[in-house]
Amino acid sequence: MDGDYVIGGVFSIHYYMHTVKHNYTTMPEPLSCTGSIDSRELRFSRTMVFAIEQINNSTELLPGIKLGYEIYDSCASVSVAVHVAFQLSGGLDPVFNTGDKCSQSGMVMAVVGESGSTPSISMLRVIGPFNIPQVSHFATCACLSDKQHYPSFFRTIPSDQFQADALAKLVKHFGWTWIGAVQSDSDYGNNGMASFLHAARKEGICVEYSESFSRTHPRSRIQRVADVIRRSTAKVVVAFTSTGDMRILLEELSRKPSPPRQWIGSESWVTDPDMLRFSFLAGAIGFGIEKSVIPGLRDFLLDLSPSKVADSPLLTMFWEEAFNCRLVKSFQ
């Protein structure tokens, strides 16, 4: 949506990127996302639209100014996030300004996102030098608190340093002193687990194993991590992983169930309702971010008539996945 000032939005609405083998004889295909839609990330993006509409409809917040938005799907991919960052910082107007005075009229004023820490860091390398503020709703890596390296980064969610300390105290509270640990092979997972292990040692907690993995790794790597969990003597597993990575690991574990384990989760996956489909996660515990009730948001999210959905390819994909049907746009 156009406006006097444009806000960029970047969300991991898909968790996979379509990979293309380059033959170096033709131009590579554009980067594109694939796989099923992450409904929580879609809600994040729709909430941004709701917030901007609320501001535009208010006579007190920004009177006489209309905000616009450009929202992108990063596929939770660094390469796509960087591509989007260049689009946002280079201006949305394809016409090059040849005037005597440089203008930033086409450049976004701020960016909301990204959901993950590593894609957020990658975007900051691009938009940071332009002093474009980036505000994340879900990037929690403690490394992003370094204002010397990331002066234009802000977030509405606490740093993982608080969560790591709390998880160590939680494990100690239940008397679990022999545990296993798995983490995403990313800034979020590696930094978060390092902070947790440091805090756990202070609490007298011993770690049998510490394994890192990513959903982009070969399946053999995921299988090896799953086998380590199955063979371990530790009955408690602390997982500092992203939702996408955790889903891949749990799908691998479900193929050959391991002995009962008590799962301790970071906020990224332990608060995701989609994880409830894995029955062996019953009793998983962790810390969630404090919630608030936003007046009007629920009605806005549920107000998806077939005509509105049909106008958006993304919402059409979500609708067809959610209701297992084919949405056909009718012309009258």
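Every number in this text was worked out from the coordinates using simple rules, so none of it is lab data. Just so you know, these numbers come straight off a predicted model, no measurement behind them. Here Cβ is always computed from backbone atoms with ideal geometry, including for glycine, and neighbour counts include all displayed protein chains.
Helix 117-127 and the longest principal axis of the C-alpha atoms of the chain enclose an angle of approximately 30°.
Positive end of the dipole of the chain (Cβ unit charges, origin at the Cα centre): among 87, 225, 22, the Cα lying farthest that way belongs to 225. Computed from backbone phi, the HN-Hα couplings of region 131-138 come to 6, 7, x, 10, 10, 9, 9, 8 Hz, rounded to whole numbers (Karplus: 6.51 cos²θ - 1.76 cosθ + 1.60, θ = phi - 60°; Gly and Pro given as x). Using θ = phi - 60° in the Karplus curve 6.51 cos²θ - 1.76 cosθ + 1.60, the 3J(HN,Hα) couplings for region 19-24 round to 8, 10, 7, 7, 9, 6 Hz; x is entered for Gly and Pro.
Rank-order 212-222, 2-12 by packing density, defined as the average count of other C-beta atoms within 10 Å over each peptide's residues, highest first.
Values: 212-222: 15.2, 2-12: 20.5.
Put in order of decreasing packing, that is 2-12, 212-222.
Only beta bridges with both residues in the chain are counted; by DSSP, about 10 percent of them are antiparallel. Looking at the square roots a ≥ b ≥ c of the eigenvalues of the Cα gyration tensor of region 199-242, which shape do they give, rounded for a/c under 1.5, prolate if a/b is larger than b/c, or oblate? Cα axes put region 199-242 in the oblate bin.
Annotation: amide H of residue 115 within the under-5 Å range of 12, sequence separation 5 or more or interchain, hydrogens built in the peptide plane. Three principal axis extents describe the C-alpha atoms of region 5-157; from largest down they are 54, 43, 34 Å.
The Cα atoms of the chain cover 67, 54, 52 Å along the three principal axes, with the biggest extent listed first.
Nearest 5 is fine: what % of DSSP beta bridges in region 144-282 come out antiparallel, could you say?
Numbers: 0 of 16 bridges.
Antiparallel bridges: around 0 percent, rounded to the nearest 5.
When the charge dipole of the chain is built from unit charges on Cβ atoms (+1 for Lys and Arg, -1 for Asp and Glu) and taken about the Cα centre, the candidate among 263, 111, 149 whose Cα reaches farthest toward its positive end is 263.
What is the magnitude of the charge dipole of the chain about its Cα centre, with +1 placed on the Cβ of each Lys and Arg, -1 on the Cβ of each Asp and Glu, and no other charges, expressed in debye to the nearest 20? Kindly include the intermediate steps, with their values, before the conclusion.
On the way: 30 positive and 33 negative charges, 247 e Å.
The dipole of the chain has a size of about 1180 debye.
Structure remark: mean-square fluctuation, Gaussian network model of the chain, C-alpha springs under 10 Å; the largest value among 246, 17, 317 belongs to 317. Fewest neighbouring Cβ atoms within 10 Å first, the residues 171, 49, 309, 238 line up as 49, 309, 171, 238.
Taking the average, over residues, of other Cβ atoms within 10 Å as the packing measure, peptides 54-61, 125-132, 173-180 rank 125-132, 173-180, 54-61 from highest down. Mind checking the angle between helix 243-255 and the chain's longest principal axis? C-alpha axes, 0 to 90 degrees, to the nearest 10. Once rounded, the angle reads 40 degrees. Here, region 18-80 yields an orientationally averaged convex hull projection of 6.4 nm² when only Cα atoms define the hull.
The fraction of Cα-Cα pairs per 5 angstrom bin, counted from 0 for region 160-286, comes to 2, 12, 24, 26, 22, 11, 3, 0 percent, rounded to whole percents.
If the chain linking residue 298 and residue 125 were pulled fully straight, counting 0.36 nm for each residue of separation and taking away their Cα-Cα distance, it would gain 58.8 nm. Compared with the dominant principal axis of the Cα atoms in the chain, helix 219-231 is inclined by about 40°.
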